[in-house]
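> Below: one structure in structure tokens.
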Amino acid sequence: MKPGSLGERLLILATGCIKLTDRLARTQSARHIGGQVMRSATSAGANYQEARGAESRADFVHKLQVVLKELRETQYWLMLLECASLAPASALRPLLAEVDELIRMIVKSILTAKSNAARRD
């Protein structure tokens, strides 16, 4: 993976979310939300890797839309951790900022892929 590439950034996000959830209190709510964060954050990167091997432009767009869905879900769970005061804002803010930026990048990639497909039709 190229340094700074989208794939690497998704991997780093997933790693950060894993580290965050490992530091959460062992309460029922923290365990539940932490598990959700871990699933959605790690799924975003895995689905991006799938998109890179897409069999068609439509498959590529579909898989990027799954990445977008997982990133938005990760964003929600991180915000919930913050609202419920289950993790320090200092740990959450960088992750939330990165998720926001990755969402913007994926949306742009989806729009570009759709636009390119429309021009070829």
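> Please name all residue pairs, on different chains or six or more residues apart, with Cβ atoms under 9 Å, provided the first residue is in region 98-114 and is more than 12 Å from Leu10 (Cβ to Cβ) and the second residue is of a type in the set (Lys, Arg) and surrounded by fewer than 17 Cβ atoms within 10 Å (Cβ to Cβ).
Ala113/Arg57; Lys114/Arg57
> Given the structure, is Arg23 among the basic types (Lys, Arg) and within 18 Å of Ile106 (Cβ to Cβ)?
no
> So, Ala91, is that one small (Gly, Ala, Ser), modelled with pLDDT under 95 and part of a helix (DSSP H, G or I) or not?
So Ala91 fails the test.
> I would also like to ask the following. Among the residues of region 13-33, write down those that are touching a residue at least 40 places away in the same chain (Cβ under 8 Å) and assigned to a helix (DSSP H, G or I).
Leu13, Gly16, Cys17, Leu20, Arg23, Ser29, Ala30, Ile33
> Now, a different point. Taking region 42-66 only, how many residues are touching a residue at least 40 places away in the same chain (Cβ under 8 Å), within 23 Å of Gly16 (Cβ to Cβ) and surrounded by 13 or more Cβ atoms within 10 Å (Cβ to Cβ)?
The total comes to 4.
> Let me ask something additional. Answer yes or no as to whether Leu81 is in contact with a Phe, Trp or Tyr (Cβ under 8 Å, 6 or more places away or on another chain) and either of a type in the set (A, V, I, L, M, F, W, C) or free of Cβ contacts under 8 Å to residues at least 40 places away in the same chain (or both).
Spelling it out, it is not the case that Leu81 is in contact with a Phe, Trp or Tyr (Cβ under 8 Å, 6 or more places away or on another chain) and either of a type in the set (A, V, I, L, M, F, W, C) or free of Cβ contacts under 8 Å to residues at least 40 places away in the same chain (or both).
> Can you tell me which condition Ala97 does not meet? The list is (1) in contact with a helix residue (DSSP H, G or I) (Cβ under 9 Å, 6 or more places away or on another chain); (2) over 29 Å from Arg119 (Cβ atoms), and all the others hold.
Exception for Ala97: condition (1).
> Check whether at least one residue in region 9-21 is of a type in the set (Lys, Arg) and buried (at least 17 other Cβ atoms within 10 Å of the Cβ), and report yes or no.
yes
> Looking only at region 67-94, filter to residues that are among the hydroxyl-bearing types (Ser, Thr, Tyr) and surrounded by fewer than 19 Cβ atoms within 10 Å (Cβ to Cβ); which one of those is nearest to Val107 (Cα to Cα)?
Tyr76
> Could I ask something else about it? Scan region 1-32 residue by residue and report those that are hydroxyl-bearing (Ser, Thr, Tyr) and modelled with pLDDT of 95 or more.
The answer is Thr15, Thr21, Thr27, Ser29.
The values are calculated or read from the model by the stated rules, or taken from the named source; none is laboratory data. Everything numeric in this text was worked out from a predicted model, so none of it was measured. Cβ: placed from backbone, ideal geometry, glycine included. Neighbour counts: every protein chain shown.
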